[in-house]
1. Could you figure out which of (1) within 11 Å of the ligand (Cβ to nearest atom); (2) in contact with a Gly (Cβ under 8 Å, 6 or more places away or on another chain) isn't true of Phe82?
2. For the range 64-109, give me each residue that is over 20 Å from Ile26 (Cβ atoms) and touching a Phe, Trp or Tyr at 6+ places or on another chain (Cβ under 7 Å).
3. Out of all the residues in the range 253-285, which are β-branched (Val, Ile, Thr) and touching a strand residue (DSSP E or B) at 6+ places or on another chain (Cβ under 8 Å)?
4. Could you tell me which of the residues Gly237, Gly285 is touching a residue at least 40 places away in the same chain (Cβ under 8 Å) and surrounded by fewer than 18 Cβ atoms within 10 Å (Cβ to Cβ)?
5. Under 20 Å from His218 (Cα atoms) and among the acidic types (Asp, Glu): which single residue out of Asp55, Asp24, Asp98 fits that description?
6. Go through the range 25-134 and tell me which strands (runs of 3 or more DSSP E), entirely inside it, have 1 or more residues that are within 30 Å of Cys190 (Cα to Cα) and free of Cβ contacts under 8 Å to residues at least 24 places away in the same chain.
7. Quick one: which residue in Val313, Val241 is more than 19 Å from Val16 (Cα to Cα) and of a type in the set (Val, Ile, Thr)?
8. Report every pair of residues separated by at least 6 positions or lying on different chains whose Cβ atoms are under 7 Å apart, first residue within the range 176-190 and closer than 14 Å to Arg116 by Cβ, second of a type in the set (Asp, Glu) and not in a helix (DSSP H, G or I).
Amino acid sequence: MTMDYPHEPVLLREVVEALSIVPDGIYVDCTVGSGGHSEAIARELGPGGRLVCLDRDPDAVDISRERLNFLGQRLIIAQAGFAALVDFLQERGIEQVDGVLLDLGLSSYQLEKSGRGFSFLREEPLDMRMDPGLSKSAFDLVNTASMQELEKILKEYGEEKRARVIAKKLVRTREGRPIRTSLELAELVCAVSPVRRGRKVRHPATKTFQALRIAVNHELDQLASFLEKIPAVMREGGRLVIISYHSLEDRIVKQRMEKWEHPCTCPPDFPQCVCGNKPLFIRVGKRPFRPSSREIAMNPRARSASMRVAERVLQ
Ligand SMILES: C[S@@+](CC[C@H](N)C(=O)[O-])C[C@H]1O[C@@H](n2cnc3c(N)ncnc32)[C@H](O)[C@@H]1O
């Protein structure tokens, strides 16, 4: 890992290859994080190429602005959610781009250094906002949402089988005192979870933390809204590359890419298409790309990564 930049980019070579970079093109890294992928993309660009970088987290923007400084005027970097990408580009007079990357989820910086309670192993205030400007933190959710709401969040966003038991424990506890820190939350989940032993067993609070983080940051809404708008700004032949780290996101991406490739809504027994829907993208590789066992050994964070790639086609 680079000393100065606390995030090891996942599938780095594969991302650069998948983007199929044209040196004079315009590329967008929607989740710049510590700038690892962006730096590799930037190295492929010629004097006419440009890189647009976004992140919801202002700390990520500060770290990456410094790292990508060598691009000079060829860099546009700002704090923004990727659901707003299309408006962001239009406001800057950019009509179309040649490639877009989304590397979803959390950065190592956020998990280990941000102090915002993303990790169940650290004693930090329960916050979990990637963008500190968001109105509700994990503290607000855990301490004010109804038991039904908490159960639904844990079930839908964490696929947590013990959602009801955990929600009940949280609500009972907060009747006496607010739940303030990440460790307090993790301990409450452990208290109502069966003891599991073994090296590969996941921490009982893994799913609870994932669920709350997704809810606090409206992560699935951001992704759905991005996917809805992105075809409009991609040039023919441009590649969209998306890395996800859990099945909920991966499913959304997979289904959308399939729909883009096969948009016809005619009944299967129609002799020919009458709906007129034409493909917007074709998938590059029908199966997701996964990190090698070597990469996973060097960077365990990569183990759940799934990269899907699609190329824009015009009717
Ligand atoms: C896995 S990290 C990206 C790491 C980056 N590729 C690198 O090489 O350092 C994910 C980043 O996406 C950001 N993020 C998550 N959801 C976002 C959204 N809706 N809009 C913009 N950034 C988002 C997070 O703040 C985090 O910095």
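1. Phe82 satisfies every listed condition except (2).
2. Leu104, Gly105, Leu106
3. Within the range 253-285, Val253, Ile282, Val284 qualify.
4. Only one candidate passes the filter, namely Gly237.
5. Numbers: Asp24 fails: under 20 Å from His218 (Cα atoms); Asp98 fails: under 20 Å from His218 (Cα atoms).
Among Asp55, Asp24, Asp98, only Asp55 is under 20 Å from His218 (Cα atoms) and among the acidic types (Asp, Glu).
6. Numbers: elements: 26-29, 50-55, 75-79, 97-103.
The strands (runs of 3 or more DSSP E) meeting that bar number zero.
7. On the way: Val241 fails: more than 19 Å from Val16 (Cα to Cα).
Exactly one residue qualifies, and that residue is Val313.
8. Thr181/Glu123; Thr181/Glu124; Ser182/Glu123; Ser182/Glu124; Leu183/Glu123
We did not get these values from a lab; they are worked out from the coordinates using the rules stated. Being a predicted model, the structure only gives us computed values, none of them experimental. Glycine gets a Cβ as well: all are built from the backbone with ideal geometry, and neighbour counts include every protein chain shown.
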